[in-house]
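To start, the structure under review is shown below, and the notes come after it.
The values are calculated or read from the model by the stated rules, or taken from the named source; none is laboratory data. The structure displayed is predicted, hence computed values, not measured ones. Cβ: placed from backbone, ideal geometry, glycine included. Neighbour counts: every protein chain shown.
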Ligand code: ATP
């Protein structure tokens, strides 16, 4: 935990964008200003720190953004920040303005960068989990997840209508390269018959057997929700089913980037505001180099090095629920 008084802070969004990031930026700026801190917005994640795109913000700079998706600070992936030289340049750009604390809104990669940076230089960092994937331990929610799942549900409900009208089987791919939470939640909430996620071994033979059995008993609506990171992937699964079960009219739908955009849900705005507020308090009271999360409706601080390593596990409970409710 740090000791130096934090007086000027920088805030940035990094990695993939997530709805609610703007609400978090707004909370950081307004809380910082409330406590008399200067708050700087750093553009395009770590790239802006290196390229010196750093602007003083105030309450007005964050007006009318709480309801907007994306991020007004833009986001990026910075190769240069992986290099010691890049991080040194970033440090010089911060210190010439007197910035002595950082709030990083992003995923585990962004926290890895923050952890490295804070261990090399005397600038404390606070991470806010901003990712639609909900793949970070230490928080029941990540900023953007709720909105992304609701977008997926909305789309899958519509697909269900056409699946029903034509007696088709739809294979729907949702986002989640390493984590199956979007697939799991959206699949359960839309009554999908099968949900395939990277955390569990996909058994193609069992899937074929279950679809074939459903075809025999003329179960009319069939939805299979597949996470992007599933071992086979939605495209390959579709072609296997078409080959093995030619009597089923099977279609593929990849939801793609619509899941990232859009106005954040109430939950995402609330958690982003709460996390942003506490990030500033952490910097001020010396709780440094942690990720601010919310567990059981309580604030929870996870040291950045642990937040990087620990993945949020899918509980057995959910997997049992999927099996029983889809039958
Ligand atoms: P998402 O979950 O949406 O992918 P993320 O934060 O995990 O978000 P990454 O692309 O993994 O996204 O990381 C964002 C940025 O963090 C990288 O482009 C890089 O600038 C920085 N970063 C990641 N890992 C490291 C590392 N080992 N050392 C230094 N910087 C890193």
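Residues that are within 16 Å of the ligand (Cβ to nearest atom), within 16 Å of residue 93 (Cβ to Cβ) and crowded, with 24+ Cβ neighbours inside 10 Å within the range 9-49 comprise 10, 11, 12, 14, 42, 45, 46, 48, 49, listed in sequence order. Is there a residue in the range 135-146 that is more than 8 Å from the ligand (Cβ to nearest atom), buried (at least 24 other Cβ atoms within 10 Å of the Cβ) and more than 28 Å from residue 178 (Cα to Cα)? Checking the range 135-146: not a single residue is more than 8 Å from the ligand (Cβ to nearest atom), buried (at least 24 other Cβ atoms within 10 Å of the Cβ) and more than 28 Å from residue 178 (Cα to Cα). Residues of the range 255-266 that are on the phi < 0 side of the Ramachandran plot and surrounded by 16 or more Cβ atoms within 10 Å (Cβ to Cβ): 255, 259, 260, 264, 265.
Table: residues versus (1) at pLDDT 95 or above; (2) more than 9 Å from the ligand (Cβ to nearest atom); (3) buried (at least 18 other Cβ atoms within 10 Å of the Cβ); (4) not in a loop (DSSP other than H, G, I, E, B).
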| residue | (1), (2), (3), (4) |
| --- | --- |
| 65 | yes, yes, no, no |
| 69 | yes, yes, yes, no |
| 72 | yes, yes, no, no |
| 78 | yes, no, yes, no |
| 86 | yes, no, yes, yes |
| 91 | yes, yes, yes, yes |
| 94 | yes, yes, yes, yes |
| 98 | yes, yes, no, no |
| 103 | yes, yes, yes, yes |
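A single entry from 191, 106, 138 fulfils the requirement of being touching a helix residue (DSSP H, G or I) at 6+ places or on another chain (Cβ under 9 Å) and in the same structural domain as residue 242 (by TED's automatic domain parsing): 191. The residues listed here are 263, 273; of these, the one that is assigned to a helix (DSSP H, G or I) and under 18 Å from the mean Cα position of the chain (by Cα) is 273. In the condition set (1) within 18 Å of the chain's Cα centre (by Cα); (2) within 30 Å of residue 29 (Cβ to Cβ), residue 287 is compliant with all but (1). Among the candidates 198, 246, the residue that is crowded, with 17+ Cβ neighbours inside 10 Å and part of a loop (DSSP other than H, G, I, E, B) is uniquely 198.
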